[in-house]
Every structure is written in structure tokens, then in C-alpha cells.
1. Could you give P(r) for segment 710-804, binned at 10 Å from zero, as whole percent values over all Cα-Cα pairs?
2. For segment 216-366, what is the accessible area per residue in Å², given a 1.4 Å probe and the full set of protein chains?
3. Kindly state, to the nearest 0.05, the FRET efficiency for T756 paired with E633, given R0 = 35 Å and r defined as their beta-carbon distance.
4. If one computes the Cα centroid of segment 316-332 and of segment 150-200, what distance in Å separates the two points?
5. Solvent-accessible area per residue for segment 554-608 at a 1.4 Å probe radius, Å²?
6. Taking 7 Å along the Cα-to-C-beta vector as the label spot, tell me the A104-R505 distance in nanometres, rounded to one decimal.
7. Compute, for segment 105-236, the length of the dipole vector about the Cα centre, with Cβ point charges of +1 (Lys, Arg) and -1 (Asp, Glu) only. Units Debye, rounded to 20.
8. P(r) tail for segment 593-745, what percent of Cα pairs lie past 19 Å?
Amino acid sequence: MTEQRKLRIVLALVAVASVATAAQVACEGAPFHFSLFAQAGQPAKPDYPIKPVPFTAVHLNDAFWAPRIEINRTASIPSAFQQCELTGRVNLFERAAAVLRGEANVDKRPPGYPFDETDLYKVIEGASYSLSVTPDPKLDAYVDGLIAKIAAAQEPDGYIYTTRTIDPKNPHRWAGPERWVFERDDSHELYDLGHLFEAAVAHHLATGKRTLLNVAIKAADLLVVTFGPGKRTIWPGHQITEMALVKLYRVTGKEAYLNLAKFLLDERGPGPYPEGERANPRGLNYNQAQLKVIEQSEPVGHAVRAVYMYSGMADVAAVTGDQAMRAAGKRIWDYLVTSKLYLTGGIGASGSGEAFGQPYELPNMTAYNETCASVGMDFWNHRLFLLEGDAKYIDVMERTLFNGLLSGVSLDGKTFFYPNPLESNGQHARQEWFGVACCPGNITRFMPSVPGYLYATKGDSVYVNLFAKGTANIDLPGGAITIDQDTRYPWDGAVKMIVKPKQARRFQVHVRIPGWARMEPVPSALYRFIDNAGAGAKLTVNGEAVAGASKAPFTPASNGYVTIDRTWSPGDTIMLDLPMPVRRIVSNDQVIANRNRVALQRGPIVYAAEWPDNPNGKVRNIVLPDRNALTTEFRGDLLNGVQVIKGRATGLAYDAKGGLIRTDQPFMAIPYATWANRGRGQMAVWLARVDAAARPTPFPTVVTTATIAASKLPNGRDKNPRNIIDGEEPASSSDSSAYFDWWPVQGSKMEWVELTFAKPSTVSTSELYWFDDTGRGGVRVPASWKLLYKSGDQWLPVETTGAFATARNAWNTVTFKPVLTAALRIELAMQPSFSAGLQEWRVK
Ligand SMILES: [Zn+2]
């Protein structure tokens, strides 16, 4: 048995054994509170005016979140730890420690990336959150062992960055020749430390231990003596250190950490930089250094870096009262929700630079929407709510949470999406792990904290932000209260809340009326419902109407809340009824990809049509006219239990002569976040409303019925070459709707694609349409290529006098001496420093 397998079994056993402990703790009403923010009732240092009710005080027992949080604990966290061991991420610390002990013959190879160690930090953070809710001595001990390895890899002055410690003369090529000089580029030294600080704070709050916290403090103290006014200047190439330092400040009370967080934000900008230091060659937008942060208005560049920075800005604004920083965050948020937010709450339109696109540039199939960016969106939107008290931030947070974030992890918790596209031709599938493995770790640390997003307090008042069955123990200055929620949310909009103060007393409860129930899918004109069906939430206390009723002392909705200000007696019951009809949404016309298209939403859930639920496994050929009625039902047998949408639609297909066949057919859609749990195939969020927006199914040919394979991509990357033979006519070489490429492979002299016919066929013409994303990415037509056919076990070149052309935006046709063959093969060489790809291949 391998060590990894042993580990997995140990963790699995531990998971089962600790259920009883968790239940006991819950019954005893664990008084222990875990807050990453200042808590209600603490002597006030300046901080957010609104305090979240910590996730340790909110116990969910619903059918939606509780099972997912448990799967995160029992499947995702053990599997991510296992991957950290398997892929050498733990070993990095062991090797660095061996070098520090002066051992000889240490393996000095650099890691895949200089930020590989952050994956371990993130999973420790997730495990700590989990431990704080569900005690688990074996997991606790395992984490202690990892922390000992991390501590042993710390250099005497506090520096931790394993690649440089392992081999100071030849660290990873992004590390730079000495400490910090490539930080503004891609060394990720501060990013690594930021994740260390986040993990350390979580571990300390969860366990009370200082082991990892002491490592973090020693590293943070090194930063404090190195950087700051009158010392060296720097800003993080990849943000997170800013918000991590604020957490470290809250836990330790050391103002130097807060000052450094503010310094790192204030210093960011277009330079000039000290000699020998450089910004990222991808440009200043890439890591949000195009302007001083307080001057910024547009979200640009790498989306994860951006939202981590905006979160740090909110923290620093909250704690220091910096109004310019606060105003900048609000401006950037307005810009984002006006033109750069996907309906799923995802952000980052472009895979090139993992970045925001231009305003209204929101393509669906190539949408990047990194899972980490969704996690960062929820960090940021939650912070803006805590700062501003406006429910519009919770509206966006909820949209991201239920859709673009949750899609990042499979229902079994074992596989993950890096990008979260809104359309697929079968090329997308979740994976267990990645070469750049940021997303799984981020899911592991986010999921246990979900209950912490439900409630917040301000003075002697409570905000109810999200709805889920469970019990919250809420500290208020006037005395602790309990709120019991009973609801089937998000499948049903009826929410019963029983308010239990210890004895009758007056305080306020602010109940959020979600934007989607107020005819506002997002707080901007980017998306709109096409009708007003289901408008009007109802709210009662002990059966008496609240909003719209004349009874004092109820105050009208403001900032998205209805405030109920009354004397509450134990057992007083709030009933919120949010109607949940199926809603059709259309996009602002400036979003070209969504023109003549419609999306479906019900409650907070965005829907997608997926291949197993629609005729012939196709959804891109579907037209869903506005007049077609839609119904909804709960399917307990499907995808761990989901509400589905059903109706009739029109399926389009071409006949042999290119004529259009229109077929009335059943239609079904599932929650977007649950797609890709049943194998690869087509999926679409934005569906055609008219024929012209659909992709009719091509008439079957010798090619569309063939099987296709391509040379493999590195790091377990997985793209589906079936796009090459989907029969769809590309609009141009840069058409991003359905292609195959070898990116990030560049300059390869030999890649191949093989087409195997359903039965041996006589062919004499090949037509190739190359993929080339000049101006957007790094894929170009190839330097050269050739065409082979299968003869027995051999590949032979076709006989032709024609050229193997590489024209862009055109079919490249080769006519050759007819051959009866089982298969054809393309071999190509890429241009130096570029990748290659294909749009479509036709054979006659
Ligand atoms: Zn990621």
C-alpha cells in the first residue's frame, strides 16, 4: 500500500468517526466563535461597521449546503491533501528543510511553479475551518505534521519560499536572482506568504495552537523590517498578501501588519521601479498596476489578482477609514456589474492572461470565469456589504455562490473546473487536479465557511442575507438571540424564521429581498427579465403583513432590505415568501454573444440545457421561442436532487441537401452549477430565441460519424478534439465557438490528429480550416503540415501535387489520389513560440 493510499484511508476513516463528535458539539450549542472579522461585542478597534455572524455560530441542516459542506470535508479536503503529497508539494518543504539542516545530496529540482506551496497552505486553511466545526483528532494531527514540515523550511530570518531555499543559485526561473526583485513580475514570493498568513490565522482560530501562526508572524515581521516608508518599496505581483496581513493584524493586534497592507496597496502603480526590478512583461493592466489603486475605476487584467486586491482594499478602507480607497472599490464594482459580469456571477472573459475582457465582451464557450475568481468575487462582495450595508452586494455574491462558484466542484467533491464556461461542445470536463492547482484548494477553503455568509449584525440589529434551513446563535449587544430558519431554498422561496430572544425585547431584523425577486437580476442594465412574472415578495410577522401594510412600526424596504423594528418575543415567526416562477432573461444588446438568446433563471439559480436531457444529445441546435410555456419540477433522483425546467422547443438539423429540418421536441434544463456531472457533451446557458441564433445539427457525413484523437497536452490538460469534426462552419479562423488547440504547447515540431472512419472509406479531398487567434492569444496557423492515410499498420503520405496550405480564414484544400482507408492523419509543426489548432476538418 502506498503512503498516499494509507493517507486517504486514514482520512476517510477519520471522516466517518468524527460525525458523532460533530453532532455532540452541535447539540451542546458550541459557544466557540470563529471570526475572521472583528466580532460583535469586542472592544472596538475601527473595522467593518457590520459584523458577519461567524460560520461556527450558524449550523445548517438543509438539503442543499449541508451535504456539500460534508462532501468537502470527507472528499475534497482528503483528496487535495493527497494530491499535495503525490505531486511533490509537501516534499518541497521537506527538501528546503533538508538544505537548511545542511544535508548533502538534496534533490534540487525546481517546482512546477514557484507558487506550488500555496496549494498546501490553502488546504490547511480549509481543513482548519472544517476542524473548527467538526473536531477530528486525526486530521488535526496530520495538519500538525504538515505544519512541522513548513516550520522546518523557514529560513532563520523568517523567509519562506522553498525554491530559493532549495537552490539559491538556480531557483525556479520566475524567482529572480535574489529575493523580491521579480516580485512585481511573477516570483509570487508575497503571494505565497499571503496564503501562509491566511492558513495560519485559520489554524490558530480553529485550534488555538500557535504553531503555524508563529511561522507566519516571523515571516510577516521580516516583511515589516524590509518594506515600508523609508525602507524598500514593493507591491505584490499576485495580490492576497494585503487582505492576509489585515487578518494577521486582527489576530495579533500588531498595527505594523495593517500599515504594511496599506503600504502594499498605496505603492502599486506604474512605477518607476528600482533598478533591477521589473513589472510583468504582460503589461501593467495584467496585475492592476496601470494606475494608483485609489485612481482606478475599471476592473482590468488577471481577474483573480483583481478581486483579491479589491478585497484587500475593502479591508484597509474599513480598518483605516481611507475614503479614497473605499470610493475606488465602489467605482470598480459599478463598472464590473455594468459590463463585465457573467450571468452566472463569474468574471474573467478571456483565457489569455486569465483576464477581464473589454466592456460587454462576454463570450460563452471561451468564458474563462476561473473558479478562484468566483471565490474572490464572494470575498469582495461580502466585504463591500460589510462596509456599505447594501443588499446589492449580497445579490451579486449570491449569484456567484449558487452558480459560477459552485460549478467549480463536482457533486462528489472529487473533480474541479478551472474555467467555468457558459457553453460547451463537449470539450470541457472537471479534473482531479491541475498543474496550476489554485482552484481545488480555494474550493476546499471556501466551502466550510458558507454558513458565515448568512447573517450579519450592526449594533443591536440583525441582517438576514441568505436563506438555508438551520439554526444561528447570534450575539447582539442587547443579548444573544437564536434564529431558526426552515426552508427548501433555493428550490422553494418560502422561508420561515423563528426569532428567539432570551426574553422579549426590541431590536431590528433586516430581511433581504433578493434583487431577482425585485425584477432586478443584477444591479445594472446588463441583464433584464423579459416579463414581470412573479414580482412581489410577501413578508409577515406572526401572520401580519410587513411591507406594503400600513401597520407601524414597519419601515419600507431600503438598500434591498425590509427592516422589522419591533419588540420580539421568543417564538415570533417571520414568513418570507419569494415567488419562484421560471424567469426568462435577456442580455444588454451590446453583449454580442447573447444577441437573440435567452437564459433561464428560477430563484437564485441560473439554468443550463445539457446533452443528456435533450434529444440526440444536442443543445446548441435548440430554439426556445419566448411563447413556449415552461414548467418546473423537483427531481430527487437527478444530480443529488434538483429542480428542473421543462417545456417544448424546436430542434434544428440540416438534411442531405442543406435544407433546414425543424422538429418540435421536449426540452429540459438543469441548474448550471450541476452540469458536467454525467460525462462530456453539449451545454448552453444562453439558448437561441430564433432560428438564426441556433447551430443546426449537420447532416451525418463520413467525417461527423468518425472518431478523432489528437496528440496529448501536458499537465493532464484535456481538450476535446471532437470540435474539429462537429460539422459546424467556422465564421473565421479566430471563431472561438468550437475549435481545438494545443495551447499552452508552443513551437512543437510534431503534433498529430487522427480521424478514424466508422468503416473504411474511399476519400480524395481534405479541407482544413485552421484555428488562429492573432490579436487575442498565442495560437497561429502551423509552420508546415502533411497528410497521411492508413495502409495496414502503416501511415503513408497521400499522393498529391497540391500544396499543404496554411491560409487563415479559409478552407485549405488538398486533392489527392483516391485511397480506400480506415483512417487519415495530420502531422504538423508549430511556428516557433506559437501554438497551433484546428477549427474544422472536412473530408470527401
Ligand atoms: Zn484557480
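The values are calculated or read from the model by the stated rules, or taken from the named source; none is laboratory data. Note that the structure is a prediction, hence the values are computed from the model and not measured. Cβ placement follows ideal geometry from the backbone for every residue including glycine, while neighbour counts extend to all protein chains displayed. When the accessible area is computed, the model is the full protein with side chains, heavy atoms only, and any ligands, DNA or RNA have been set aside. Shrake-Rupley method; radii C 1.70, N 1.55, O 1.52, S 1.80 Å.
1. 12, 42, 37, 9, 0
2. That works out to 31 Å² per residue.
3. On the way: r = 42 Å, r/R0 = 1.19.
FRET efficiency, T756 to E633: 0.25.
4. When both Cα centres are located, 30 Å separates them.
5. In whole numbers, segment 554-608 has 34 Å² accessible per residue.
6. 7.2 nm
7. Values: 15 positive and 19 negative charges, 53 e Å.
Here the size comes out at about 260 debye.
8. Values: 6804 of 11628 pairs.
Within segment 593-745, distances greater than 19 Å cover 59 percent of Cα pairs.
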